[in-house]
Amino acid sequence: AKETGRNNFQFYTSAMNERAMERLRIESDLRNALERNEFALHYQPQLDLKTGRLIGAEALIRWHHPVLGTVPPGRFIELAEEIGLIVPIGVWVLRTACRQSMAWQRAGMGPLRIAVNLSARQFYQQDLVATIRDILAETGLEPQLLELELTESMMMNDVEVAVDILRNLKAIGVQLSIDDFGTGYSSLSYLKRFPIDLLKIDQSFVRDITLDPDDAAIVLSIISLAHSLRLQVIAEGVETEAQLAYLQRHGCDYMQGYYFSRPLPTTEFELMLGSVASA
Ligand code: C2E
Ligand code: CA
Ligand code: CA
Ligand code: CA
């Protein structure tokens, strides 16, 4: 039994070493990914549920790793956040998204509002507002065409500081939304103080909206809460016609989800724009 125990122990250490090695490898690859130009943005269309028109897109990062292939953000954003790399990556995302939206506008395909995810670390950078102002100036994108997606938890860290940052961001004219709304630790009294424009209903509530009365109740209250606070509301993760019809019937303003389109690489997004325009 003693023997087996020792073997097990060795087994675990080598498994742990492997995991630690894997993490180190990913970490060092991640440090080089920006300069090696391995990141790309995919764009998921957002539709106006009243008019059926395409109003914009959410930019979602992809990492094209030379060996691992496409690494989804769920597998590297947290690590990038931990080691601080999320800051330069986030600047790259902002600049690329703004440039892209401007390029579509110049090509007669716009104006399209572009939504960008911010991480907590990025949100609390001293130079966040200046960086965004510079990127808008450099790309020529109108500020109201840039939407920043924030989460409740990121703002609950320090509400006073968060309100200050949000005000400074509003002062340069960008749109602000709360992502994954309803999943974080939120307080309605703070919501009132945040100068935001849009709530994004998390896909976990949308999934069973037509099956589970509790999820339906939550979605309906978010829509009505948003509208009472004079905010707009967008549902994410819409995968079926029934979900779409339900949201439309209950006054949700916008939607995004696989039912209309997955996040698309630039050229596919442009093809989609072309077919929507000629439809
Ligand atoms: P998120 O911001 O909540 O983004 C929505 C996620 O849901 C995306 O996953 C999207 O591809 C996926 N999705 C869209 N429609 C549907 C649908 O109909 N059904 C289902 N099941 N899923 C759908 P993705 O692209 O893997 O991104 C995961 C998360 O990674 C994002 O969640 C966001 O938190 C983070 N992320 C992505 N890009 C960036 C970025 O540029 N910066 C930062 N800081 N975070 C990012
Ligand atoms: Ca998002
Ligand atoms: Ca989300
Ligand atoms: Ca999410």
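The values are calculated or read from the model by the stated rules, or taken from the named source; none is laboratory data. Predicted model only: the values in this text are computed from it and were never measured. Here Cβ is always computed from backbone atoms with ideal geometry, including for glycine, and neighbour counts include all displayed protein chains.
Whether any residue in region 165-175 is modelled with pLDDT of 95 or more and either hydroxyl-bearing (Ser, Thr, Tyr) or within 16 Å of ligand 2 (Cβ to nearest atom) (or both) is what I want to check.
yes
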So if I check each of 115, 120, which one is touching a strand residue (DSSP E or B) at 6+ places or on another chain (Cβ under 9 Å) and more than 29 Å from residue 272 (Cα to Cα)? 120
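Of all residues being within 16 Å of ligand 3 (Cβ to nearest atom) and charged (D, E, K, R) in region 136-157, which is modelled with the lowest pLDDT? Just the residue, please.
Residue satisfying both the conditions and the ranking: 152.
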Qualifying strands (runs of 3 or more DSSP E) (wholly inside region 103-218; at least 2 residues being touching a residue at least 12 places away in the same chain (Cβ under 8 Å), among the β-branched types (Val, Ile, Thr) and within 16 Å of ligand 1 (Cβ to nearest atom)): 113-117
Residues in region 263-279 that are surrounded by 14 or more Cβ atoms within 10 Å (Cβ to Cβ) and not in a strand (DSSP E or B) total 8
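A quick yes/no check of all residues on (1) among the small types (Gly, Ala, Ser); (2) touching a helix residue (DSSP H, G or I) at 6+ places or on another chain (Cβ under 6 Å); (3) surrounded by fewer than 18 Cβ atoms within 10 Å (Cβ to Cβ):
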{"site": "136", "(1), (2), (3)": "no, yes, no"}
{"site": "139", "(1), (2), (3)": "no, yes, no"}
{"site": "152", "(1), (2), (3)": "no, no, no"}
{"site": "163", "(1), (2), (3)": "no, yes, yes"}
{"site": "167", "(1), (2), (3)": "no, no, yes"}
{"site": "170", "(1), (2), (3)": "no, no, yes"}
Going through region 118-141 one residue at a time, which ones are touching a Leu at 6+ places or on another chain (Cβ under 8 Å) and over 18 Å from residue 167 (Cα atoms)? 135
Restricting attention to region 239-260, which residues are out of contact with any Leu (no Cβ under 9 Å at 6 or more places or on another chain) and more than 22 Å from residue 221 (Cβ to Cβ)? 241, 258
If a residue must be loosely packed, with under 14 Cβ neighbours inside 10 Å, small (Gly, Ala, Ser) and out of contact with any helix residue (DSSP H, G or I) (no Cβ under 8 Å at 6 or more places or on another chain), how many such residues does region 172-213 contain? 1
Residues to consider are 256, 248, 203, 243; find the one that is farther than 30 Å from residue 161 by Cα and within 17 Å of the chain's Cα centre (by Cα). 256
Against the condition at pLDDT below 90 and touching a helix residue (DSSP H, G or I) at 6+ places or on another chain (Cβ under 9 Å), how does residue 23 come out, does it pass? yes
Output yes when any residue across region 223-241 is in contact (Cβ under 8 Å) with a residue 40 or more places away in the chain, over 24 Å from residue 144 (Cβ atoms) and not hydroxyl-bearing (Ser, Thr, Tyr), and no when none is. no
